[in-house]
1. Order these peptides, 229-237, 214-222, by their mean beta-carbon neighbour count within 10 angstrom, highest first.
2. Looking at the square roots a ≥ b ≥ c of the eigenvalues of the Cα gyration tensor of region 238-374, which shape do they give, rounded for a/c under 1.5, prolate if a/b is larger than b/c, or oblate?
3. What does DSSP give for the chain in terms of the percent of beta bridges that are antiparallel, rounded to the nearest 5?
4. Quick check: from the Cα gyration tensor, does region 114-226 come out rounded (a/c under 1.5), prolate or oblate?
5. Mind giving me the FRET efficiency for residue 107 and residue 288? R0 is 41 Å, r the Cβ-Cβ distance, nearest 0.05 is fine.
6. Quick one, which of (1) 25.6, 76; (2) 22.6, 86; (3) 23.0, 69 is the actual Rg and Dmax of the Cα atoms in Å calculated for this model?
7. Cβ neighbours within 10 Å, averaged per peptide: list 114-124, 158-168 in order, most packed at the top.
8. Provide the packing ranking of 349-356, 400-407, 320-327, i.e. peptides ordered by the mean count of other C-beta atoms within 10 Å per residue, highest first.
């Protein structure tokens, strides 16, 4: 799954402000001192080739156009105006989204969810004979036959570390056979990576907790200085003082505002970091028995359950909305394409997806008529990559377009 923030570690920057000393009087640099401050907002937008303004940039910016709107979007709205005006889609395209789950009852996705016409809902039978019972709206490869779900899972590096440490944690290299040396060296590399990730996560958690605890104190300092209960960003930015504690509180709160780090967001990030240590980076944690498959059998395909929402559908629903949220209904966001049906396939937990599930999800999408497969996930290790590669080649042989995230 993707991290909450694109910024690598915003807490490290803030922690310096929280625990560090204030800059000497007269040494502080405000927002107006930066290199972009020499040019006005209008000049910046004009230089980009347009003058739509900040309001347009804030409204569904990803659909906008650099030349027309001064925003680095994908130019979807411009394409509709200039290339597709007066034209109707020739056909409806089925887009499989392999993700954390999708809320198929979301009002902005109404009418845009794929339906398996060969399956009768809630009969407990495989009506269309595709091997999946009651898969009316897709399939969940990380759910169990009893209706339970895998919500959290470990990272792949954790699984590799857990599988290798029993053999090599206490091994003496000079006693190992030549055939074992290569695997032992791999264990050392995996162990180093695992321990580094745990240490980094623990450090980030400590920083998050420090900032979370400091916010009420800084808010109280600013409130007392300004004489108001809830200062606005403008009021905070307008403070001019030589008092070190007020200047430090101002710096921290303005940085939080600039990063969009509200107390609620910081609390969620702290909870996410706690979850990484409790689940993702805990070698003893194993939720796989919930699924009930033989995980060691790469040929096994028919397992899971038909609940495509699962316990954490935010990411998948967001991705589905980017593709297919209903356009022009004044509700939430506009999707990119109007003539699509989303095929939900749940295979990505809060943690790292497993190669077996991804391979089977790709095959399910192809066999059930998807023309496009979207995969917004990724990980650093793939011990069964051959399974996934074979599934990708299978999809390619059937003319299916696959789109995979290249970064975050």
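1. Packing order, densest peptide first, comes out as 214-222, 229-237.
2. Oblate is the answer for region 238-374, as a/c is 1.5 or above yet b/c matches or exceeds a/b.
3. Here the antiparallel bridges make up roughly 10 percent for the chain.
4. It is oblate, given that a/c is not under 1.5 and a/b is not larger than b/c.
5. Efficiency computed from Cβ-Cβ geometry: 0.75.
6. (1)
7. For the peptides 114-124, 158-168, the packing ranking is 158-168, 114-124.
8. 349-356, 320-327, 400-407
We did not get these values from a lab; they are worked out from the coordinates using the rules stated. None of these values were measured; they are calculated from a predicted model. All Cβ positions, glycine included, derive from the backbone under ideal geometry; neighbour counts span all protein chains shown.
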